[in-house]
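Worksheet: one structure, shown below.
The values are calculated or read from the model by the stated rules, or taken from the named source; none is laboratory data. Model, not experiment: these values are computed from the prediction. Methodologically, a virtual Cβ is constructed for each residue, glycine included, from the backbone with ideal geometry; neighbour enumeration extends over all protein chains shown. For the accessible areas, the whole protein counts, side chains as well, though only heavy atoms, and no ligand, DNA or RNA atoms are used. Shrake-Rupley method; radii C 1.70, N 1.55, O 1.52, S 1.80 Å.
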Amino acid sequence: MHLLTLDIGNTAAKLGYFVEGELVQQEAGLLPEQVVEMVSRLRPDHAIIATVSARPVEEWVKELKPYVRGTVLPFAPAATPIPLQNAYATPHTLGADRLAAAVGAATLFPRQDALILDAGTALKADWVEGGHTFRGGSIAPGLQLRFQALHTFTGRLPLVTAPSLAEAVPLTGTDTQSAIRSGVVNGMVAEINGILAAYRHQSPHLAAVLTGGDGPFFEPRLKGRIFAIPELVLLGLHRILVHNVK
């Protein structure tokens, strides 16, 4: 089967195209018109759509259905069957990307505890117990949000950009810009490492999985073994789609 997965975020979309279970093409940073163009060209057998944007998923289904041969599945965490137990107390408020990432982690690490660190617009840490149960986790502001908040909610602090991937961030800033960078970057690294340490104390053999747009930035700055899997949500969506159309 040729299957298509769509992860639609607040600003752009990611697309994954699977042929007989293998991810053969993935695209990120897609605008809505680019999504439609790609789906119309690929014409998959089935598709799944997960979105956290303001646009209702039903509108996406209607727009893409003419280009999909079979099912276009809107992924709803509270209603769509998944190959994972969902122990979240309010599944109707659970982001589709969080649950899809959990399914992806459970698929890659069966029968193993996993911690998913999704460093995107928000920093999300989610716990999958034993490869079979999603327990929940935490949500905090992401890297860019922290820089933006300091500028927006203060009178004089400038808007500072994140450093480059390999650029070191000194602990002690020597001017306002470098002080902001130190506070945001070093503080966030300490936060993530603290979360990792707490979960590793709880489960010493857990698989720590890093994903999200800022994942490459944090990967070399984190402690211990980390599995960097940028396509984790797409892999989880593929597993959910197979579970529903098989």
**OP:** Name the residue, out of Ala190, Ala207, that is small (Gly, Ala, Ser), over 29 Å from Glu20 (Cβ atoms) and out of contact with any Ser or Thr (no Cβ under 9 Å at 6 or more places or on another chain).
**Re:** Ala190
Subject >> From Pro83, Pro66, residue being within 21 Å of the chain's Cα centre (by Cα) and farther than 13 Å from Ala96 by Cα >> reply: Pro83
**OP:** Answer yes or no: is there a residue in the stretch 128-137 that is in contact with a helix residue (DSSP H, G or I) (Cβ under 9 Å, 6 or more places away or on another chain), acidic (Asp, Glu), touching a residue at least 12 places away in the same chain (Cβ under 8 Å) and under 24 Å from Ala207 (Cβ atoms).
**Re:** no
Original post:
Can we say Leu206 is in contact with an Asp or Glu (Cβ under 7 Å, 6 or more places away or on another chain), touching a residue at least 60 places away in the same chain (Cβ under 8 Å) and more than 23 Å from Phe147 (Cβ to Cβ)?
Top reply: yes
Original post:
Among the residues of the stretch 202-246, which ones are more than 16 Å from Val24 (Cα to Cα), in contact with a helix residue (DSSP H, G or I) (Cβ under 8 Å, 6 or more places away or on another chain) and open to solvent by less than 40 Å² (accessible area, probe 1.4 Å)?
Top reply: Leu206, Ala207, Ala208, Val209, Leu210, Thr211, Asp214, Phe217, Phe218, Leu222, Ile226, Ile240
Original post:
Out of curiosity, is Glu27 at pLDDT below 95 and not in a strand (DSSP E or B)?
Top reply: no
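What are the residues in the stretch 58-69 that are aliphatic (A, V, I, L, M) and outside any loop (DSSP other than H, G, I, E, B), if any?
Across the stretch 58-69, the qualifying residues are Val61, Leu64.
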Original post:
Failed condition for Ser178, given (1) of a type outside the set (Val, Ile, Thr); (2) part of a loop (DSSP other than H, G, I, E, B); (3) farther than 20 Å from Asp118 by Cα, with all others met?
Top reply: (2)
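Specify which of the listed residues (Ala149, Ala190, Ala168) is open to solvent by 60 Å² or more (accessible area, probe 1.4 Å) and either at pLDDT 95 or above or part of a helix (DSSP H, G or I) (or both). Outline the logic, then answer.
Numbers: Ala149 fails: open to solvent by 60 Å² or more (accessible area, probe 1.4 Å); Ala168 fails: either at pLDDT 95 or above or part of a helix (DSSP H, G or I) (or both).
Result: Ala190 is the single residue among Ala149, Ala190, Ala168 that is open to solvent by 60 Å² or more (accessible area, probe 1.4 Å) and either at pLDDT 95 or above or part of a helix (DSSP H, G or I) (or both).
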**OP:** Show the residue pairs that are 6+ apart or on different chains and have beta-carbon atoms under 7 Å apart, the first residue being within the stretch 40-51 and modelled with pLDDT of 95 or more and in a strand (DSSP E or B), the second being of a type in the set (Gly, Ala, Ser) and surrounded by fewer than 23 Cβ atoms within 10 Å (Cβ to Cβ).
**Re:** His46/Gly70
Original post:
Do the conditions hold for Ser178, that is, is it small (Gly, Ala, Ser), without any contact (Cβ under 8 Å) to a residue 60 or more places away in the chain and either open to solvent by less than 30 Å² (accessible area, probe 1.4 Å) or under 30 Å from Arg239 (Cβ atoms) (or both)?
Top reply: no
Original post:
When you scan the stretch 118-136, how many residues do you find that are surrounded by fewer than 23 Cβ atoms within 10 Å (Cβ to Cβ) and aromatic (Phe, Trp, Tyr)?
Top reply: 1
**OP:** Any chance you could count how many residues in the stretch 132-146 are in a loop (DSSP other than H, G, I, E, B) and of a type in the set (Gly, Ala, Ser)?
**Re:** 1
Subject >> Odd one out for Gly70 among (1) without any contact (Cβ under 8 Å) to a residue 24 or more places away in the chain; (2) of a type in the set (Gly, Ala, Ser); (3) over 27 Å from Leu145 (Cβ atoms) >> reply: (1)
**OP:** Could you grab me the full set of residues in the stretch 11-20 that are open to solvent by 50 Å² or more (accessible area, probe 1.4 Å) and under 19 Å from Gly236 (Cα atoms)?
**Re:** Lys14, Glu20
Original post:
Which members of the stretch 70-117 meet the condition of being open to solvent by 40 Å² or more (accessible area, probe 1.4 Å), assigned to a helix (DSSP H, G or I) and closer than 16 Å to Leu232 by Cβ?
Top reply: Thr107, Leu108
